[in-house]
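Just below is one structure, and these are the notes that go with it.
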Amino acid sequence: MKKTLPYIFAIILIFGAFAHIIVPEFYSPMIPAFIPESFANIASFITELSVGILLFIPKYRHWGGLGFTILMIGFMPIHIWDFLKNEPAIGSKGIAAFRIIMQLAMIYAGWWIFRTYKKES
């Protein structure tokens, strides 16, 4: 798991980064109205791509883990906001609640990557 987890998250982040550019409308319902969509998609593209690349490079993997942790913490308010809506963008209230639980797991996983690979650098 130690060797594969950073690569799994890196691939997910890099695909997600390009999705923000290729199909930005997918993310529209998840972006709060007070955040300009184009800004949100460009910022997400740059951030997710950068963190994904860092997770691929062994020398910088611990920084990728820290970046992933911070990114997942940053997304948490959006997931909570979505859960509190009458009709969550993700679907049902149950799915929105599950997404919050998964977000907590990803925050922990990113922190685990940071701590694990920091010891090796």
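Farthest towards the positive end of the charge dipole of segment 5-118, among the residues Pro36, Leu54, Phe83, is the Cα of Leu54, using unit charges on the Cβ of Lys, Arg, Asp and Glu.
Per Stokes-Einstein, at 4 °C and 1.567 mPa s, what whole-number D in µm² s⁻¹ belongs to segment 5-118, with the Kirkwood radius over Cα pairs as the hydrodynamic radius? Each step should come with its number before you reach the end.
Details: Rh = 14.5 Å.
Taking Rh from Cα pairs, D becomes 90 µm²/s.
Each residue of segment 37-43 is assigned a 3J(HN,Hα), and the resulting list reads 4, 4, 4, 4, 6, 5, 4 Hz, derived from the Karplus form 6.51 cos²θ - 1.76 cosθ + 1.60 (θ = phi - 60°), x at Gly and Pro. Taken about its Cα centre, the chain carries a charge dipole of roughly 680 debye when the Cβ of each Lys and Arg holds +1 and the Cβ of each Asp and Glu holds -1. The C-alpha atoms of the chain define a longest principal axis, and helix 5-22 lies at about 40 degrees to it.
Normalising the average separation of contacting C-alpha pairs (under 8 angstrom, six or more residues apart) by the number of residues puts the relative contact order of segment 35-113 at 32 percent. Between Arg115 and Ala43, the modelled label-to-label distance comes to 2.9 nm, taking each label 7 Å out from Cα in the direction of the beta carbon. Legend: ranking of residues Ser92, Ser50 from fewest to most surrounding C-beta atoms inside 10 Å; resulting order Ser92, Ser50. Whole-Hz Karplus values for segment 44-55 come out as 5, 4, 4, 5, 5, 5, 4, 5, x, 5, 4, 5 Hz, taken residue by residue from phi with 6.51 cos²θ - 1.76 cosθ + 1.60 and θ = phi - 60°; glycine and proline positions read x. Helix 93-118 and the longest principal axis of the Cα set of the chain meet at an angle near 20°.
Length gained on full extension, Ile73 to Lys93: 5.2 nm, using 0.36 nm per residue less the C-alpha separation.
Where a number appears in this text, it was derived from the coordinates with a stated rule and is not lab data. This one's a predicted model, so the numbers in the text were calculated from it and none came from an experiment. Counting neighbours? That spans all protein chains shown, and the Cβs are built from the backbone with ideal geometry, glycine included.
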